[in-house]
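Note sheet for the following structure.
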Amino acid sequence: MIRIVGAGPTGALLAILLAKRGQPVEVYETRPDPRRVPADSGRSINLALADRGIHALKAAGVFEALGSSLLPMRGRMIHYENGDTAFQPYGQRPNEVIFSVSRHRLNQALIEVAAGRPGVKMHFQHRLEGTDFAARTAQIRDLVSDRILAVPMEPLLATDGAGSAMRREMAARQLIQGREIDLEHGYKELAIPAGPQGAFRMANDALHIWPRGNFMLIALPNDDGSFTATLFLPKFGAVSFASLGDDTAVEEFLAASFPDARELMPHALAEFSAHPVGFLGTVSAHPWHVQGQASLVGDAAHAMVPFHGQGMNCCFEDCIEFDACAARHSSWEAVFAEFGAQRKPNTDAIAAMALENYMEMRESVAIPKFQLQQTLSLELERRFPRRFIPRYSMVMFHHEVPYLTAQQRGATQSEILSELTHGAVSMLSEVDFERAEREILSRLPPLPEPL
Ligand SMILES: Cc1cc2nc3c(=O)[nH]c(=O)nc-3n(C[C@H](O)[C@H](O)[C@H](O)COP(=O)(O)OP(=O)(O)OC[C@H]3O[C@@H](n4cnc5c(N)ncnc54)[C@H](O)[C@@H]3O)c2cc1C
């Protein structure tokens, strides 16, 4: 019997994949069954789903169930301070889009498929509260009866998220090293309601960004015609959540920084005071497992900042890799060891790229040199499709390219782009394409064909 603690995206998908291979699975989740309760407020309401996540959801038979809840976003819509907007496509092929999806709807779909699989038993309102590695059991409280159950581990898969109780237990007992690195910025969600008859009030096929240097606002569409906007801002300092102490300060800040968005957010002041400032950070742990007893998977092992829209996509890729490791080995210790050894270099790479992307979103997207390099990247991809794929595209649209490869090739590509655009201002005609060909052929070996 495999025990999974946490029925978020990772735990639910793992349960489906492992049960599919005939393994009996029990899942313990603190919260009530998401199919019976309305969406939680406070967590990000919608998420960007990309190729890695889609690939995993297809393998589990969940993708198709999402149907019209998936809203394609073809690129970024940049909102400048003077009110101008500019659309920057994410990719150049029709399938190179990412999807906005409701977190609650996705959780419901995953739980529905997991609970429907023979061999899967779901225990909602059950919370992991402690572990006894000597006795090889975990203490799980049934929150309805208030009884503590001693649940055998070996294996227990801890998919209990960024604040993982299991990771903190393992680290407190010095069985692993765990680090939680807090970002100096936090976030707050605000709503852009639908217009008359559920009409979208901005382009619904884009991820909207208001880049403002040290802070930014973004908005993703929902299938009811609304958008969920997220304000990312330093927690402390001159312009920060701490400095916006009352309605007047908030109003002045929103009206001055995002005048067009402010007009679309009639309840912004009430929401600003009601919603908590969300935590953002990076979790790093090593190793991810204790013998063959328990392993961390998903955010519990490697939560990252959300600026590449890859946290959950990466967790879904974890599930595919974990399942493949489970198929290769007969001992759980060997499964855990191989999973951690293969996966960590890749999760470290995407965590680093996610941090870098914050700078790109809040600042670089508005700079002409960056835009020239973006356009040039797409042109080089057209000319050398298996050699030069923009780093963003490798991460978002090419699950066959490991994150670490995307990071390493991305660094080389970035050098090539800087060299080619040195002295150029904004025109592709200023670029020496013969030199581009020489650099690319000598420095970037061909990538494997897509799977
Ligand atoms: C603002 C924001 C925006 C984001 N946007 C994106 C995006 O656009 N695209 C993307 O790919 N990712 C995004 N992410 C990341 C994504 O939310 C996470 O990577 C993903 O939710 C991780 O899934 P998980 O199942 O590992 O953890 P979680 O989603 O945290 O789920 C953990 C589950 O475990 C349960 N649990 C916790 N403790 C216990 C316990 N002690 N006992 C039993 N159960 C427990 C919880 O109730 C929860 O159901 C975003 C994150 C944030 C904060």
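I want to make sure I understand the PRE zone here: with the label point 7 angstrom from the Cα of Ala65 toward its beta carbon, which residues in the stretch 117-144 have backbone N atoms less than 19 Å away? In the stretch 117-144, the label zone of Ala65 (backbone N under 19 Å from the point 7 Å along Cα→Cβ) covers 117-125.
Excluding same-chain neighbours fewer than eight residues apart, the aspartates and glutamates reachable from Lys20 by a Cα-Cα span under 12 Å are Asp323.
Grouping the Cα pair distances of the chain into 10 Å bins from zero gives a pair-distance distribution of 4, 20, 29, 26, 16, 5, 1, 0 percent in increasing distance order. When the alpha carbon gyration tensor of the stretch 184-266 is reduced to an equivalent ellipsoid, its three semi-axes come out at 24, 13, 10 angstrom, largest first.
Enter the Cα centre distance for the pair the stretch 49-75 and the stretch 174-242, rounded to the nearest angstrom. Cα centroid to Cα centroid, the span is 21 Å. What does DSSP give for the chain in terms of the percent of beta bridges that are antiparallel, rounded to the nearest 5? Counting only bridges with both partners in the chain, antiparallel ones make up about 75 percent. Of the chymotrypsin sites (Phe, Trp or Tyr not before Pro) in the stretch 392-428, not one is in a loop by DSSP (not H, G, I, E or B) with at most 11 other beta carbons within 10 Å. Spin-label model, Glu333 to Arg443: label points 7 Å out along the Cα-to-beta-carbon direction sit 4.6 nm apart. For a paramagnetic label modelled on Asp432 (point 7 Å from Cα along Cα→Cβ), amide N atoms under 20 Å away belong, within the stretch 359-384, to 372-374, 376-377, 379-381, 383-384. Enclosing the Cα atoms of the stretch 380-451 in their convex hull gives a volume equal to 87 cubic angstrom per residue.
In this structure, Arg21 and Ala256 have a Cβ-Cβ separation that, at R0 = 56 Å, corresponds to a calculated FRET efficiency of about 0.50. Compute the distance in nm between two label points, each set 7 Å from the Cα along the Cα-to-Cβ direction, one at Ser414 and one at Ile367. About 1.1 nm separates the two model spin labels.
Normalised by 2.2 N^0.38 Å, where N is the number of residues, the alpha-carbon radius of gyration of the stretch 295-451 equals 1.19.
Remark: the Asn214-Glu379 segment gains 56.4 nm on full extension, using 0.36 nm per residue and subtracting the alpha carbon distance.
Coordinate range of the alpha-carbon atoms in the stretch 54-178 per principal axis, descending: 61, 37, 27 Å. Counting Cα-Cα pairs of the stretch 1-95 in 10 Å increments starting at 0 gives whole-percent bin shares of 12, 32, 31, 16, 7, 2.
Here the extension length gained between Arg168 and Phe279 equals 38.2 nm, from 0.36 nm per residue of separation less the Cα-Cα distance. Estimated from the Cβ-Cβ distance and a Förster radius of 25 angstrom, the FRET efficiency linking Gln125 and Glu321 is about 0.25. For the stretch 71-124, the fraction of alpha-carbon pairs lying more than 12 Å apart is 75 percent, rounded to a whole number.
Only the coordinates and a few stated rules stand behind these numbers; no lab work does. Nothing here was measured: the structure is a model prediction, and the numbers come from that model. Please note: Cβ atoms are built from the backbone with ideal geometry, for glycine as well, and neighbour counts cover all protein chains shown.
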